[in-house]
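The values are calculated or read from the model by the stated rules, or taken from the named source; none is laboratory data. On a predicted model such as this, the values are computed, not experimentally measured, just so you know. So basically every Cβ, Gly included, is an ideal-geometry build from the backbone, and we count neighbours across all protein chains shown. We work out accessible area using only protein heavy atoms, side chains counted, and drop any ligands, DNA or RNA first. Shrake-Rupley method; radii C 1.70, N 1.55, O 1.52, S 1.80 Å.
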Amino acid sequence: MSGQRNPEKKHSEASLARKELKRRRIAILFIQCAEQLLREEGISGLSTRRLADAAGYSSATLYSYFEDLDELILYASFKYRREYIERVARELSEDMTALEQYRRIYQIFNACSFRDPKIYMNLYFGKHSSRIQTVIERYYRLFPEELDAPSGLIRTLLRQGSRIECDKITTRRLAEEGVIRPENADRVAEMMVRAQETFIYDLTVHPDKDPKAQNEAFMKLFDYMIAVS
């Protein structure tokens, strides 16, 4: 009858659904194990074997879900990213000027990234950082509940991947408010992000440096770049 579904097709669809659910659960497990190890031991404590053992699967299984260890660490770093974004949403207010907001965003980002430079270096400037928008989309398919944020601003920021593109939103506002010249807006965004990349990298190779001193040095550079733009 036309109203009846083919039993074999129904069975096939159910089988595919179970396989997809299993793949989702295993991917989530790997990400959660990686995040836990990041919290406990930092990036230096992670290895493919260690993560596979923690998840209860083989290294080969890990590589069937993630391109390599760096990509898995990228997914596991998203909880750190959310903490930064939630702090931005708490500390920024609509009565701030664009410049006040821009300075505060960098002060917050510095506080977070200079505390965990290796994680932020991999997250925003690492091997897979050019694919971060694709990674974001997959991450929130795996963890859709994390998009249930109380603020529309947080949800918008959570979906934003590129640091430079994010900065351009604010530097163009700076131009509109007459703080910098319009023709310099995008260039300022690029310079700010690249300068911060250098500061974060510096902390990854010189972990004995004082994050507070690094922040003060960066903010002096920040003010200079705004002043000459």
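So which residues in the stretch 15-48 are of a type in the set (Asp, Glu) and closer than 13 Å to residue 75 by Cβ, if there are any at all? Explain how you work it out, then say what you get.
Just the residues of the stretch 15-48 that are of a type in the set (Asp, Glu), to begin with: 20, 35, 40-41.
Passing the criteria: only 35.
Residues in the stretch 119-128: is at least one under 24 Å from residue 35 (Cα atoms), touching an Asp or Glu at 6+ places or on another chain (Cβ under 6 Å), in contact (Cβ under 8 Å) with a residue 12 or more places away in the chain and open to solvent by 60 Å² or more (accessible area, probe 1.4 Å)?
Looking for residues that are under 24 Å from residue 35 (Cα atoms), touching an Asp or Glu at 6+ places or on another chain (Cβ under 6 Å), in contact (Cβ under 8 Å) with a residue 12 or more places away in the chain and open to solvent by 60 Å² or more (accessible area, probe 1.4 Å), one finds at least one in the stretch 119-128, hence yes.
Of all residues in the stretch 173-229, which are within 23 Å of residue 111 (Cα to Cα) and hydroxyl-bearing (Ser, Thr, Tyr)?
Matches in the stretch 173-229: 198, 201, 204, 224.
Restricting the stretch 132-156 to residues that are open to solvent by 40 Å² or more (accessible area, probe 1.4 Å) and more than 20 Å from residue 24 (Cβ to Cβ), which is modelled with the highest pLDDT? Step through it out loud before you land on a result.
Taking the stretch 132-156 first, the residues open to solvent by 40 Å² or more (accessible area, probe 1.4 Å) are 133-134, 137-138, 141, 144-145, 148, 150, 153, 155-156.
Checking which are more than 20 Å from residue 24 (Cβ to Cβ) leaves us with 133, 150, 153, 155-156.
Working: 133: 83, 150: 57, 153: 61, 155: 67, 156: 70.
Per the criteria, the residue is 133.
Among what's in the stretch 82-111 and is within 19 Å of the chain's Cα centre (by Cα) and open to solvent by less than 10 Å² (accessible area, probe 1.4 Å), pick the residue that is nearest to residue 204 (Cα to Cα).
110
Taking the stretch 187-216, which residues are closer than 14 Å to residue 229 by Cβ and open to solvent by 50 Å² or more (accessible area, probe 1.4 Å)? Can you show your working first?
Residues of the stretch 187-216 that are closer than 14 Å to residue 229 by Cβ, as a first pass: 187-192, 195.
187, 190, 191, listed by residue number.
Taking into account only those residues within the stretch 163-186 that are part of a loop (DSSP other than H, G, I, E, B), open to solvent by 30 Å² or more (accessible area, probe 1.4 Å) and without any contact (Cβ under 8 Å) to a residue 60 or more places away in the chain, which is nearest to residue 129 (Cα to Cα)?
Our first condition is that a residue be part of a loop (DSSP other than H, G, I, E, B); within the stretch 163-186, this holds for 177-181.
Filter once more, keeping what is open to solvent by 30 Å² or more (accessible area, probe 1.4 Å): 177-179, 181.
Still in the running and without any contact (Cβ under 8 Å) to a residue 60 or more places away in the chain: 178, 181.
Values: 178: 32, 181: 30 Å.
So, considering only residues that are part of a loop (DSSP other than H, G, I, E, B), open to solvent by 30 Å² or more (accessible area, probe 1.4 Å) and without any contact (Cβ under 8 Å) to a residue 60 or more places away in the chain, the one nearest to residue 129 (Cα to Cα) is 181.
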